[in-house]
1. For region 315-331, which residues satisfy the criterion of being of a type outside the set (Ser, Thr, Tyr) and either loosely packed, with under 13 Cβ neighbours inside 10 Å or in the same structural domain as Ser190 (by TED's automatic domain parsing) (or both)?
2. Answer yes or no: is there a residue in region 50-68 that is loosely packed, with under 13 Cβ neighbours inside 10 Å and either touching a strand residue (DSSP E or B) at 6+ places or on another chain (Cβ under 8 Å) or at pLDDT below 95 (or both).
3. List the number of the failed condition for Ile277; all other conditions in (1) modelled with pLDDT under 80; (2) outside the structural domain of Thr364 (by TED's automatic domain parsing) hold.
4. Considering only region 235-254, state which residues are touching a residue at least 60 places away in the same chain (Cβ under 8 Å) and either touching a helix residue (DSSP H, G or I) at 6+ places or on another chain (Cβ under 6 Å) or of a type outside the set (A, V, I, L, M, F, W, C) (or both).
5. Could you tell me which residue of region 332-362 is surrounded by the most Cβ atoms within 10 Å (Cβ to Cβ), considering only residues that are among the aliphatic types (A, V, I, L, M) and farther than 30 Å from Ile11 by Cα?
6. Test Ile138 against the stated conditions and say whether it is in the same structural domain as Lys250 (by TED's automatic domain parsing), among the β-branched types (Val, Ile, Thr), in a helix (DSSP H, G or I) and out of contact with any Pro (no Cβ under 6 Å at 6 or more places or on another chain).
7. Being closer than 27 Å to Glu127 by Cβ and among the aliphatic types (A, V, I, L, M) is true for just one of Ile52, Ile10, Ile14. Which residue is that?
8. Taking region 101-126, which residues are in a strand (DSSP E or B) and either outside the structural domain of Asn70 (by TED's automatic domain parsing) or farther than 24 Å from Leu239 by Cβ (or both)?
Amino acid sequence: MSGVIIIINIILIIVLAGGYAVLIAYYEKLFKKLDIFEPKAFAPETKFSVIIPARNEEDNIEKCILSILNNDYPHELFEIIIADDFSTDTTAAIVKNLQQQHNNIKLVQLADFVGGKLNSYKKKAIELCIERAANEWIITTDADCLVPQQWLSYYNSYAQHTDAVFVAAPVMFTNNGSFISIFQSLDFISLQGITAASVSAGFHSMCNGANLAYSKAAFKAVNGFKGVDNIASGDDMLLMHKIQKQYPGKIGYLFTPEAIVLTAPMPDWKGFINQRIRWASKATSYQDKRIFWVLLLVYIFNLYLVVLPVFAIFYPYYFIIWFLLVFAKTFIELDFMRPVATFFAQRKMLRWFTIMQPFHITYTVISGWLGKFGKYEWKKRVVK
């Protein structure tokens, strides 16, 4: 029997490790093919409505708004719409104060429109803002984000230079030097690297609502979030997949460091796990099932790496297999991470990459499982 088990394990290792290696190599190849977007000399003419959902963001909302107002783009060509999601702090008051100083700021309060309980307040917030948006191009970001000074100029050039109706763009965590901050930063830029590679190649697997643009016409043409509004997360990726289905070949990626939006990582492990469970919760809702199978491969591979040390207690040779697989995983991922970290100017963080592997493997398994079968807390709301 032990001989049969060994053979089965060898086959499983070859399939999982081989499949994972091919997948990461594929993303690396796609990423290295990307060219930095160089804006053409187009005059500012695209009109934008920048939408910011906010819930209890009194510490961040003013800095976020000011970073947008500080853009080198004519103020008459953009408006900022903040959706106050039942905040219990001074978020709304801060926005109202800024409205006295800037006439291109609007405030939409969900409490004026929503009476019952929703499963996705953020999607409802965005819908309400789009209904009141004066401009054709919608840009979304989060209330705890800071945008670069040429953010709108690059979106303007991209909108004029391409025929895209949906544009994803890069996001990066700020890093305060703590272990959890470095861990999240490394994990996040790896996801961003996959996003840039896959969206640019037409695979459309991921995007992030902290830095996203799409035409109002495309949003309306797919009936907005209808059909996915019962899912708490997915105001970005699920919408992208809907638009891609109706507008094939018109999903773009704004690949330039000048468009990177900064956001803060979760302050503790509880917040981090809840965030990742929230992201994982929409995995089975993707219409493009290729994405599901990719995620399943990644999950099973990491699950196998968690289970092997337990088997090693009874069969020591499993530890050797585990060590070789973790070594191979680290080596393969580092090859992919080097150009990605270079794009985000984070090469120094890669010295932590090997140390972070056990934590990364463990969290992938936990968040993936709870994303499907558990519940999480987000913005002081419990979501199943």
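1. Correct list: Pro316, Ile320, Leu324, Phe327, Phe331.
2. Checked against the condition, which is being loosely packed, with under 13 Cβ neighbours inside 10 Å and either touching a strand residue (DSSP E or B) at 6+ places or on another chain (Cβ under 8 Å) or at pLDDT below 95 (or both), region 50-68 yields no hits at all.
3. (1)
4. Matches in region 235-254: Asp235, Asp236, Ile243, Gln244, Tyr247, Lys250, Ile251, Gly252, Tyr253, Leu254.
5. Of everything passing the filter in region 332-362, Val340 is surrounded by the most Cβ atoms within 10 Å (Cβ to Cβ).
6. Working: in the same structural domain as Lys250 (by TED's automatic domain parsing): yes; among the β-branched types (Val, Ile, Thr): yes; in a helix (DSSP H, G or I): no; out of contact with any Pro (no Cβ under 6 Å at 6 or more places or on another chain): yes.
Spelling it out, it is not the case that Ile138 is in the same structural domain as Lys250 (by TED's automatic domain parsing), among the β-branched types (Val, Ile, Thr), in a helix (DSSP H, G or I) and out of contact with any Pro (no Cβ under 6 Å at 6 or more places or on another chain).
7. None of the other options fit; the residue is Ile52.
8. Ile105 - this is the single residue of region 101-126 that is in a strand (DSSP E or B) and either outside the structural domain of Asn70 (by TED's automatic domain parsing) or farther than 24 Å from Leu239 by Cβ (or both).
The values are calculated or read from the model by the stated rules, or taken from the named source; none is laboratory data. This structure is a prediction, so every number in the text was calculated from the model and none was measured. Reconstructed Cβ throughout: ideal geometry from the backbone, glycine too, with neighbour counts over all protein chains shown.
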